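The values are calculated or read from the model by the stated rules, or taken from the named source; none is laboratory data. In this text, all values refer to a predicted model and were calculated from it rather than measured experimentally. When we count neighbours, we look across all protein chains shown, and the Cβ atoms used for this are built from the backbone with ideal geometry, even at glycine.
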Amino acid sequence: MIDLNDLLEQVWPMATQQAIPTESVSLNAALGRVLAQDVLSNLNVPQHDNSGMDGYAVRCADIQPSRLFRVSQRVPAGVSPQPLQPGTVARIFTGAPIPPGADSVVMQEDVVVNDDGSVTFSGLPQSGQWIRRAGEDIASGQVVLSQGTRLDAIHVGLLASIGVPTVSVNRRLKVGVMVTGSELQSPGQALQPGQIYNSNEYVWCGLLEAMHADVRSVGIVPDNFEATCAALESLADCDAVISSGGVSVGEEDHVKPAIEKVGQLRSWKVAMKPGKPIAFGHINRQDGGQSWFFGLPGNPVSSAVAFQLIVKPFLSLLEGQGHAEVDWRLRVRKVQAAFSWSAPDTRREEFLRAEVQSDEASLFENQSSGVLTSLARSSGLIRLAKGQVVHPGDWVDYVSYQDLMK
């Protein structure tokens, strides 16, 4: 068996060996996409010194307590102001440009408006107060977002704030999905004796769509060698293919020999629980290229955990994200165990489903790899080393599902 860390160090770098084609998309279509190049700003944000408050723009040297000041102009946002006349003030609103000659803004709550329209100040303003300087958010020429950033809603808004209408992004990944097993039945169909419903396909497709991948599923593949080979070859034009089941060593496990026929197998067993039987390799294409292949266990928890720990980061790297953004090990934190674990696996590290609240971790009662509710009713995974015993109060490693899917 190969340790998980060793596998990741071998497998993940392979994702960076081939470049994904790029395309230009509008901001409305940019959410979830990965930037193909740095984005620089061509302007300052804000473009001009502007007011951070509704109030009055003043020249500090003119202000004297109790003196009456005439309001010489009104400056709403979007209006270009005139130079401030000596001995006067300007009515100004949040976001409006500061008039030339003014060096401070007094918020309206600190100003008395007299019956004749003049204003009086009770105190002396400080130079620069309530003024937002040009470029203090973004300077012209500054890198706003770096290549490899997966764009979220805030990123898209940031691009809009500098007037960028389109961005260069890497093409969406094309990911093939197949689930093997003659015992599987589709939801909505009646179960025959010995059958179970196919859940892995729906878990994977949901996780892949959350990554904004272009998902192609061939559905359930029966347990025979020819059907398995045919399904793999039909998905060979994808960037990557994920299969569940059939990666063990039983007589009805056909994925491993099928991959060896249509491609190459690179790894086989991983010292992790759940998720021990994992296949990694590639499918050969007719054009001489290759499609990456992951064969994951059939048990729903094992396949979901393996996807999040191994496959999802690989796909993110393949799409062009940076290593620091996708390596979940960098987001592992310590939480305090509210449980005991007295019979650890001495040959494999374990990933236990746990609910964490206020840094206190409670285990889901049933840690079986076939119990999908252990994922639905937990917030993340406790990572235990081989043979690690846990007593209540011990501090253990934990990574949330939210961090795994970043």
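When 223, 214 are screened for being of a type in the set (Asp, Glu), more than 17 Å from residue 295 (Cα to Cα) and in contact (Cβ under 8 Å) with a residue 24 or more places away in the chain, only 214 passes.
Results for (1) at pLDDT below 95; (2) among the acidic types (Asp, Glu), shown as yes or no for each residue.
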residue: 19; (1), (2): yes, no
residue: 23; (1), (2): no, yes
residue: 36; (1), (2): no, no
residue: 41; (1), (2): no, no
residue: 50; (1), (2): no, no
residue: 57; (1), (2): no, no
residue: 60; (1), (2): no, no
residue: 69; (1), (2): no, no
residue: 82; (1), (2): no, no
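Name every residue in segment 134-163 that is in a loop (DSSP other than H, G, I, E, B) and either crowded, with 19+ Cβ neighbours inside 10 Å or in contact with a Pro (Cβ under 8 Å, 6 or more places away or on another chain) (or both), in order of residue number. Answer for segment 134-163, where residues must be in a loop (DSSP other than H, G, I, E, B) and either crowded, with 19+ Cβ neighbours inside 10 Å or in contact with a Pro (Cβ under 8 Å, 6 or more places away or on another chain) (or both): 134, 135, 136, 137, 148, 149, 151, 162.
Okay, residues lined up against (1) touching a residue at least 60 places away in the same chain (Cβ under 8 Å); (2) closer than 14 Å to residue 58 by Cα; (3) not assigned by TED's automatic domain parsing to the domain that holds residue 61:
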residue: 83; (1), (2), (3): no, yes, no
residue: 87; (1), (2), (3): no, yes, no
residue: 94; (1), (2), (3): no, no, no
residue: 97; (1), (2), (3): no, yes, no
residue: 108; (1), (2), (3): no, yes, no
residue: 112; (1), (2), (3): no, no, no
residue: 125; (1), (2), (3): yes, yes, no
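The residue list 94, 120 contains one member that is among the polar types (S, T, N, Q) and not in a loop (DSSP other than H, G, I, E, B), which is 120. Being at pLDDT below 90 and of a type in the set (Val, Ile, Thr), is that true of even one residue in segment 226-242? No; the residues of segment 226-242 include none that is at pLDDT below 90 and of a type in the set (Val, Ile, Thr). Residues in segment 164-179 that are of a type outside the set (D, E, K, R), part of a loop (DSSP other than H, G, I, E, B) and either in contact with a Pro (Cβ under 6 Å, 6 or more places away or on another chain) or closer than 17 Å to residue 212 by Cα (or both): 173 only.
Among strands (runs of 3 or more DSSP E) entirely within segment 260-359, having at least 2 residues that are among the polar types (S, T, N, Q) and touching a residue at least 24 places away in the same chain (Cβ under 8 Å) singles out 290-296. In segment 317-333, is there at least one residue being farther than 30 Å from residue 22 by Cα and in contact with a strand residue (DSSP E or B) (Cβ under 9 Å, 6 or more places away or on another chain)? Yes, that holds for at least one residue.
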